[in-house]
1. Among the residues of the stretch 113-164, which ones are in contact (Cβ under 8 Å) with a residue 60 or more places away in the chain, under 23 Å from SER222 (Cβ atoms) and in contact with a Lys or Arg (Cβ under 7 Å, 6 or more places away or on another chain)?
2. When you scan the stretch 214-227, how many residues do you find that are part of a loop (DSSP other than H, G, I, E, B) and either within 15 Å of SER139 (Cα to Cα) or modelled with pLDDT of 95 or more (or both)?
3. When the stretch 196-213 is examined, which residues are found to be part of a loop (DSSP other than H, G, I, E, B) and either touching a helix residue (DSSP H, G or I) at 6+ places or on another chain (Cβ under 7 Å) or of a type outside the set (D, E, K, R) (or both)?
4. In the list THR182, THR167, THR191, which residue meets the criterion of being touching a strand residue (DSSP E or B) at 6+ places or on another chain (Cβ under 8 Å) and of a type in the set (Ser, Thr, Tyr)?
5. Tell me, which residue of the stretch 17-57 that is surrounded by 13 or more Cβ atoms within 10 Å (Cβ to Cβ) and over 22 Å from the mean Cα position of the chain (by Cα) is modelled with the lowest pLDDT?
6. Can you pull out the residues in the stretch 121-179 that are assigned to a strand (DSSP E or B) and out of contact with any helix residue (DSSP H, G or I) (no Cβ under 7 Å at 6 or more places or on another chain)?
7. Across the stretch 106-152, what is the total count of residues that are under 17 Å from ARG180 (Cβ atoms) and aromatic (Phe, Trp, Tyr)?
8. Here are some conditions: (1) of a type outside the set (Ser, Thr, Tyr); (2) at pLDDT 70 or above; (3) surrounded by 10 or more Cβ atoms within 10 Å (Cβ to Cβ). ALA106 meets all but one. Which one does it not meet?
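The values are calculated or read from the model by the stated rules, or taken from the named source; none is laboratory data. This is a predicted model, so every value here is computed, not measured. Please note: Cβ atoms are built from the backbone with ideal geometry, for glycine as well, and neighbour counts cover all protein chains shown.
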Amino acid sequence: MAQALETLGKFIAGHWNHGIEIILLAVLLYYCYLYFRGTPGAKILVGLVVLVITLTLASQLLQLRVVTWLLHSFSVFLAIALVVIFQPELRRALTELGSRHFLRPALQKRETIDLMVDTVFDLARRQFGALIAIEREISIRQFASTGVDLDAVFSKELVATIFHPKTVLHDGGVIVQNDRITAAACIFPLTPREDLDRSLGLRHRAGLGITEESDAIAILVSEETGHVSICHRGILERNLNIERFQRRLSQLLLLEKYEADSPAQLEN
């Protein structure tokens, strides 16, 4: 027994760094999986991984020297291809990494959330189509330049006026920053995803697009049905009632730990 423990201790002393490497790689791969899950390139990534693993195992087991040489030769080109394929996701990750702040925006106050909920469901009752993007840590000022600068205090009356079907500014999105409406009639990027419900219109695709490009939260009101939806990090939660909407908005803006939770996890 003592000899076995001594052998185990020598093994750990000689290979402890390998254990740390395995743990670090496992954590890195896990968070990469969580980050890229549900993105447009996720299926491509899975396909490439399966293809590379299959070819590697086959070349090793069957001694396929040409295939092994090809895998080693094209590894650099494969890395470049991954960078090109996942350019939007990598850009967003690097932007988030360089945009962390210690102070939360002033928008994230309970009073502002209550006003936002009241405003959104007032639009829903009137069936005014709306798209509101709430800026957080990553700036979306570049999209504000596509619309009309306002720099006005957020209010229910002003939002209802903007999204009234008879007004000039009702098309496009509104950007909210620190309790103020900075711009209206803004053009947001459309999501390139192909796995979405075909019933989703351009407003919902633009809401998904702005949340894929940044950490903003997009609030949508359907002009046809008056249903309220919320988007964050490329996730669309549809047909929320006032209680669920208020709870979800509070979780996303006030409690960071709910950021990556799915709607099903939140309900549980």
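1. GLY129, LEU131
2. We begin by selecting, within the stretch 214-227, every residue part of a loop (DSSP other than H, G, I, E, B); these are 214-216, 222-227.
Still in the running and either within 15 Å of SER139 (Cα to Cα) or modelled with pLDDT of 95 or more (or both): 214-216.
Residues in the stretch 214-227 being part of a loop (DSSP other than H, G, I, E, B) and either within 15 Å of SER139 (Cα to Cα) or modelled with pLDDT of 95 or more (or both): 3 in total.
3. Within the stretch 196-213, LEU196, SER199, LEU200, GLY201 qualify.
4. THR182
5. LEU48
6. Passing the criteria: ILE132, ILE134, ASP149, LEU150, ASP151, VAL153, VAL176, GLN177.
7. 1
8. All conditions pass for ALA106, except number (2).
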